[in-house]
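*Asks:* Okay, here's the structure, questions in a sec.
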Amino acid sequence: MSIHKTSPPSVAIVILNYNGQAYLEQFLPSVLDSISTNQKVIIADNGSTDVSIPFLKKQYPNEVEIIDLKQNYGFAEGYNQALNQVSADYYVLLNSDVEVTTNWITPIIDLMEQDTSIAACQPKVLAQHNKAIFEYAGAAGGYMDSLGYPFCRGRIMEVCEEDEGQYDSVENIFWATGAALIIRAPLYHAIGQLDGDYFAHMEEIDLCWRLKRAGYQVKVVPESVVYHVGGGTLNYQSPRKTYLNFRNNISTLFKNEPALKLLWLLPLRFSLDGVAGIVFLLKGQYQHTFEIIRAHGYFYKNIRKLITKRKAYTQLITTARIGKETKEGRVGKSILWQYYALGKKVYGNIVKE
């Protein structure tokens with residue numbers, strides 16, 4: 001479905017910041033240089049204790065808007081709190097540790113303006129420290145395997161491919177990276193926003209899954225390119241990240257998978273999580289094993305709350321629905337089996353382009 005407007009749609013680039021003055025100093029100029037008509041940059045400060053706000057007021061008194069959230073709500077709820085105060089046709093959720101390229105937003109907005117069934121998009125995400133390789137958090141689009149494990153076109157498990165133009169086509173994907181997520185503003189609110197309880201990690205997968213359940217498309221537009229530091233807020237090897245990933249992944253599956261599938265999927269996933277915990281033990285990474293146990297404990301302790309959320313989100317999805325659930329980006333294979341048993345560590349060898 002195409003739509004036509006006489007003026008460019010309004011776009012709010014919202015950067016959630018927590019003690020990221022150094023990143024703002026390094027990367028904000030590229031963001032300001034990239035904006036065009038009817039686009040604005042907003043820094044939502046998540047209760048920083050550094051000099052982020054004084055820095056912004058001194059260096060960019062007129063170029064950026066500041067939303068002072070006064071406290072650290074985490075990534076997910078921080079964005080909810082901020083975006084409740086922002087009016088625009090499109091939101092761009094952009095990490096503070098992202099360097100953008102000239103005019104990077106335009107190809108994505110142009111595509112979304114041509115088709116109202118596209119709810120969200122992401123650019124191609126390359127590593128800021130080595131711009132020849134894909135970055136872990138998003139690469140060339142997010143996918144999910146049959147057991148609910150996320151992976152990327154260009155990044156399987158810990159292996160990030162070199163960008164040789166092999167994934168430069170616009171594609172339907174399952175989830176778009178939260179490091180640089182472009183989403184229709186009305187849909188962000190209508191579908192239930194990010195789940196604030198996630199704090200950080202996988203909240204964008206949960207959001208995109210709800211959009212797809214409502215019949216919308218999520219796409220990657222590789223013509224648009226950004227460079228992501230990654231791990232800027234929470235290191236990829238952090239035990240805290242292990243906890244959030246395992247906890248939020250199980251919560252996402254519970255809220256979105258069909259009930260009958262959960263009957264066999266959850267026991268299997270808990271068993272596989274147990275295997276992961278044993279592997280961490282054998283490596284001497286005891287804290288990671290503890291965090292997996294803690295993540296499972298969270299699920300059992302909060303199962304009634306998760307049931308309530310599942311029902312509430314399902315009602316929002318029903319209200320926002322434009323068609324049948326879009327399945328693109330869901331791969332009917334186990335990424336663990338492909339990677340560890342078959343030794344396939346490149347997206348193109350697992351999912352034929």
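*Asks:* Does Lys327 fit the bill of being charged (D, E, K, R), closer than 28 Å to Gly274 by Cβ and part of a loop (DSSP other than H, G, I, E, B)?
*Replies:* Numbers: charged (D, E, K, R): yes; closer than 28 Å to Gly274 by Cβ: no; part of a loop (DSSP other than H, G, I, E, B): yes.
Criteria not met by Lys327.
*Asks:* Is there a residue in the range 311-318 that is surrounded by 16 or more Cβ atoms within 10 Å (Cβ to Cβ), charged (D, E, K, R), out of contact with any Ser or Thr (no Cβ under 9 Å at 6 or more places or on another chain) and at pLDDT 95 or above? Talk me through it step by step, then tell me what you get.
*Replies:* Going through the range 311-318, the residues surrounded by 16 or more Cβ atoms within 10 Å (Cβ to Cβ) turn out to be 313, 316-317.
With the extra rule that they be charged (D, E, K, R), the set shrinks to none.
The answer is no; no qualifying residue exists.
*Asks:* Continuing with the same structure: Within the range 172-191, is even one residue at pLDDT 95 or above, surrounded by fewer than 21 Cβ atoms within 10 Å (Cβ to Cβ) and part of a loop (DSSP other than H, G, I, E, B)?
*Replies:* Within the range 172-191, not a single residue is at pLDDT 95 or above, surrounded by fewer than 21 Cβ atoms within 10 Å (Cβ to Cβ) and part of a loop (DSSP other than H, G, I, E, B).
*Asks:* Return the only residue of Gly297, Gly348, Gly343, Gly332 being loosely packed, with under 13 Cβ neighbours inside 10 Å and in contact (Cβ under 8 Å) with a residue 24 or more places away in the chain.
*Replies:* Values: Gly297 fails: in contact (Cβ under 8 Å) with a residue 24 or more places away in the chain; Gly348 fails: loosely packed, with under 13 Cβ neighbours inside 10 Å; Gly343 fails: in contact (Cβ under 8 Å) with a residue 24 or more places away in the chain.
Gly332 is the lone residue from the list that is loosely packed, with under 13 Cβ neighbours inside 10 Å and in contact (Cβ under 8 Å) with a residue 24 or more places away in the chain.
*Asks:* May I ask you to say which residue of Leu28, Leu93 is on the phi < 0 side of the Ramachandran plot, assigned to a helix (DSSP H, G or I) and assigned by TED's automatic domain parsing to the domain that holds Ala179? Show your work before the answer.
*Replies:* Working: Leu93 fails: assigned to a helix (DSSP H, G or I).
Sole residue among the options that is on the phi < 0 side of the Ramachandran plot, assigned to a helix (DSSP H, G or I) and assigned by TED's automatic domain parsing to the domain that holds Ala179: Leu28.
For (1) of a type in the set (A, V, I, L, M); (2) touching a residue at least 12 places away in the same chain (Cβ under 8 Å), each residue gets a yes or a no:
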| position | (1), (2) |
| --- | --- |
| Ser7 | no, yes |
| Asn19 | no, yes |
| Leu24 | yes, yes |
| Pro29 | no, no |
| Ile43 | yes, yes |
| Asn46 | no, yes |
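*Asks:* Follow-up. If I go through the range 128-155 residue by residue, how many of them are part of a strand (DSSP E or B) and more than 16 Å from the chain's Cα centre (by Cα)?
*Replies:* Final tally of qualifying residues: 1.
*Asks:* Being in contact with an Asp or Glu (Cβ under 9 Å, 6 or more places away or on another chain) and among the aromatic types (Phe, Trp, Tyr) is the filter; apply it to the range 241-275 and report the residue that is nearest to Gln287 (Cα to Cα).
*Replies:* Per the criteria, the residue is Tyr243.
*Asks:* Out of Asn46, Asn62, report the one residue that is farther than 18 Å from Glu204 by Cβ and either crowded, with 20+ Cβ neighbours inside 10 Å or assigned by TED's automatic domain parsing to the domain that holds Ala137 (or both). Can you show your working first?
*Replies:* Values: Asn46 fails: farther than 18 Å from Glu204 by Cβ.
Testing whether each residue is farther than 18 Å from Glu204 by Cβ and either crowded, with 20+ Cβ neighbours inside 10 Å or assigned by TED's automatic domain parsing to the domain that holds Ala137 (or both) leaves just Asn62.
*Asks:* Then there's this: Sort out which residues of the range 113-134 are of a type outside the set (A, V, I, L, M) and in contact with a Cys (Cβ under 7 Å, 6 or more places away or on another chain), and write them in order of number. Quick ask: steps written out before the conclusion?
*Replies:* To start, the set of residues in the range 113-134 that are of a type outside the set (A, V, I, L, M) comprises 113-117, 121-124, 128-131, 134.
Phe134, the sole residue that qualifies.
*Asks:* Let me ask something additional. Residue by residue through the range 298-339, note down the ones that are of a type in the set (Ser, Thr, Tyr) and over 18 Å from Val218 (Cβ atoms).
*Replies:* Of all residues in the range 298-339, those of a type in the set (Ser, Thr, Tyr) come to 298, 300, 308, 313-314, 318-319, 326, 334, 339.
If the condition is that a residue be of a type in the set (Ser, Thr, Tyr) and over 18 Å from Val218 (Cβ atoms), then Tyr298, Tyr300, Thr308, Thr314, Thr318, Thr319, Ser334, Tyr339 are the ones that fit.
*Asks:* Determine whether Asp33 is under 29 Å from Glu161 (Cβ atoms), without any contact (Cβ under 8 Å) to a residue 24 or more places away in the chain and charged (D, E, K, R).
*Replies:* Working: under 29 Å from Glu161 (Cβ atoms): yes; without any contact (Cβ under 8 Å) to a residue 24 or more places away in the chain: no; charged (D, E, K, R): yes.
Against the criterion (under 29 Å from Glu161 (Cβ atoms), without any contact (Cβ under 8 Å) to a residue 24 or more places away in the chain and charged (D, E, K, R)), Asp33 does not qualify.
The values are calculated or read from the model by the stated rules, or taken from the named source; none is laboratory data. Computed from a predicted model, the values in this text were never measured in an experiment. A quick note on method: Cβ atoms are made from the backbone with ideal geometry, for glycine too, and the neighbour counts reach across all protein chains shown.
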